[in-house]
Amino acid sequence: QVQLVESGGGLVQAGGSLRLSCAASGPILRINIMGWYRQAPGKQRELVATITRGGTTNYADSVKGRFTISRDRDNSKNTVYLQMNSLKPEDTAVYYCNADLLSSGRWLYDYWGQGTQVTVSS
């Protein structure tokens, strides 16, 4: 069974930093793109950042220059990170890991983790 498991969320003061991790496990042959999304109370889920297998990154304008997405250098480890610096109260949300992956002979698109809470206090 494929799982995406996030960790690293928590409570931090404005201006602080957190590092989120997402580990994919199970019968995974290949992961193309991995990303982070977030959902604040009363708002729609939104893109934070994505990274392709080749290392191409994409960021939401609201996090550019503050957040950095990365993957294990060895792609077979199937882990993605989100380094979040200069956090703001508006970054408070549940952060979800997302991936497009090949498992048991079929592609699973928009596969989600269970989410991890990030709370930034002012």
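Here are a few things to note about the model shown:
- Simple label model, 7 Å out from Cα along Cβ direction - residue 2 to residue 46, nm: 2.8 nm
- Calculated FRET value between residue 66 and residue 102, using beta carbons and R₀ = 30 Å, to 0.05: 0.40
- Of the whole protein surface, residue 25 contributes about 50 Å² of accessible area at a 1.4 Å probe radius.
- Where labels lie 7 Å past Cα in the beta-carbon direction, separation of residue 30 and residue 53 in nm: 0.4 nm
- Relative contact order computed over the chain (Cα-Cα under 8 Å; 6+ residues apart), in percent: 36 percent
- Student exercise, the chain dipole from Lys, Arg, Asp, Glu Cβ charges, in Debye to nearest 20: 160 debye
- Placing +1 on each Lys and Arg Cβ and -1 on each Asp and Glu Cβ, with no other charges, gives the stretch 2-65 a dipole about its Cα centre of roughly 80 debye.
- Dipole orientation for the chain: of the candidates 109, 52, 93, 52 has the Cα lying most toward the positive pole (charges on Cβ; Lys, Arg +1; Asp, Glu -1).
- For the chain, the solvent-accessible area with a 1.4 angstrom probe is 53 square angstrom per residue.
The values are calculated or read from the model by the stated rules, or taken from the named source; none is laboratory data. Every value quoted in this text rests on a predicted model; they were computed, and no experiment measured them. A quick note on method: Cβ atoms are made from the backbone with ideal geometry, for glycine too, and the neighbour counts reach across all protein chains shown. When the accessible area is computed, the model is the full protein with side chains, heavy atoms only, and any ligands, DNA or RNA have been set aside. Shrake-Rupley method; radii C 1.70, N 1.55, O 1.52, S 1.80 Å.
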